[in-house]
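Asks: Below is the structure I would like to discuss, written out as structure tokens.
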Amino acid sequence: MSTYVDETLGRYSDLLYVTSIGIYSLAALLLFTALAMGAKTKTYVGELAESEKERELVGAGASAGSVPVAGDRTPGRVGGPPQAPRRSRAAVLSASSYPVVILGLVAHIASIVLRGMATDRAPWGNMYEFITLTCAAGVAGALIVLRKPAQRPLMSFVLLVVIIMMFVGAKWLYTHAAPVVPALKSYWLIIHVSVVSIASGVMVVSGVLSLLFLVRERWPNTADMLPSAETLDRAAYRCIVFAFPLFGLGVICGAIWAEEAWGRFWGWDPKETVSFISWIIYAAYLHARATAGWRTAAAWINVAGFVTVLFNLFAINLVISGLHSYAGV
């Protein structure tokens, strides 16, 4: 790792960071508009898209035993060819928003890559860089978990949280592209920090989905804007099934790095302590989620884990002094 910094690449990285926030904001606006349009017609836009897709398959002859329709001219029927149903504006808007999110993620990842090229190191050596990697992991995780047309509108809520996190990162955590302090010049920076950051990003997605699950349970009239509680619960669970072991691996890697850097595996440093608490909470979530009749309680536990992740991301380095403070603003 050299001490040379390419300021031009650093500026391009910052520009792409701001650009990605703008694109995410546009995508979130489109998705929220689609949800509002679906609510106006008293139909959740994702389920509307799924039902329209099924009708198109039926109209194309994908389902057997169809009832003869007037105007159908196929053998054994009366009339002309079936007409594909017209897609609602809400469903069209929701589908067109998905590529916008992908475009924002491309700009976001390019920002991270350019920051690394500018500093000739892994681009997650301070809190600003850690937050931006976590947000990118969250958007990527949402694109995968919510890839079905019936679930894509939920990405609007994830994007809202990501935009807020990125704004906080740019406003209060930003640091210019620069070499890391000597304590961070280790290959463990690449392994430990990236693993924890990716896991944290996916946990953020899960926390948002569990919050929506609780809203859906508490206010059933939100069915016009939210899918079924079962859909939200399954999506949140899939996120934690992926992120929980990854987060545990990151904690273990951090302990190994701590022994190498500070001469002990564990010292109850504030960041270590909150990370351990988060791991315990998510273990409790998985246990509660596997227990019959505990779906709502499990969602509350997941939200508690979500809060600890956000606290660890922001408050620990800004408010509480510890051995991890050298990675601060």
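Asks: List the pairs from K40/K148; K42/K171; K148/K271 whose alpha-carbon separation is above 28 Å, in the order I gave them.
Replies: Result: K42/K171; K148/K271 exceed 28 Å.
Asks: What full-extension length gain, to one decimal in nm, is calculated for T8 and K171 as 0.36 nm per residue of separation minus the Cα-Cα distance?
Replies: Between T8 and K171, full extension yields 56.6 nm more.
Asks: Provide the gained length on full extension for the span L29 to E260, in nm with one decimal, where the gain is 0.36 nm per separating residue minus the Cα-Cα distance.
Replies: 78.5 nm
Asks: Would you mind computing, in nm to one decimal, how far apart the modelled labels at K42 and L318 are, each placed 7 Å from Cα along Cα→Cβ?
Replies: About 4.4 nm separates the two model spin labels.
Computed from the coordinates by the stated procedures, all read-outs in this text should not be read as laboratory data. Since the structure is predicted, the reported quantities are computational estimates derived from the model, not experimental observations. Cβ sites come from the backbone with ideal geometry, for glycine too, and all protein chains shown count toward neighbours.
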